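These notes are about the structure you will find just below.
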């Protein structure tokens with residue numbers, strides 16, 4: 001008859017006069033859960049950011065192409081100090097701002113340092129003096145000083161219009177860059193949300209496994 005080891009039913013391992021308790025094996029288990037709302041919000045923000053980035057890029061390219069179509073070249077501020085961007089075509093925010101600054105310098109120089117509003121005020125004062133002196137309106141209109149002020153005011157007005165147009169393009173470039181930056185930021189935030197919408201929980205339950213060392217059946 002085959003002998004039966006009594007220790008195989010107790011889960012204990014004999015070792016001299018001591019008993020060794022059974023060893024435990026660690027089994028790692030993981031559970032993955034996804035929050036659909038957070039994932040949807042993340043994907044929505046990614047798409048919105050991509051659209052904003054594309055819209056900003058299209059706006060930048062459109063404004064740049066319109067400036068290039070005008071074939072404007074940055075003018076020299078002065079002969080001694082023409083400026084770093086002098087002679088370059090106006091196609092971006094920096095060249096547009098440089099051209100606006102050059103126009104402003106030359107307009108003020110031609111008008112003796114006076115602005116459009118100041119020239120208008122000087123013209124009114126001169127006309128009032130001539131009228132007080134008994135000069136007729138027809139003669140006032142033909143007066144060389146009045147005509148000179150009118151010509152200077154017209155040139156200054158044209159320069160102001162050109163500067164306003166160039167500054168509008170500069171602002172457009174700034175808005176386009178802002179939209180592109182926000183779009184990129186939103187896309188990154190969306191990626192983070194989409195990534196953290198999925199969580200993995202790791203559990204480690206202990207399971208008993210009797211290891212009857214030295215036991216024989």
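We did not get these values from a lab; they are worked out from the coordinates using the rules stated. Keep in mind that this is a model prediction, so the values were computed, not measured. Counting neighbours? That spans all protein chains shown, and the Cβs are built from the backbone with ideal geometry, glycine included.
Quick rundown of the values:
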| item | result |
| --- | --- |
| Convex hull of Cα atoms in segment 38-204, direction-averaged projection (nm²) | 16.8 |
| Order by protection proxy (mean Cβ within 10 Å, highest first), peptides 101-107, 50-56 | 101-107, 50-56 |
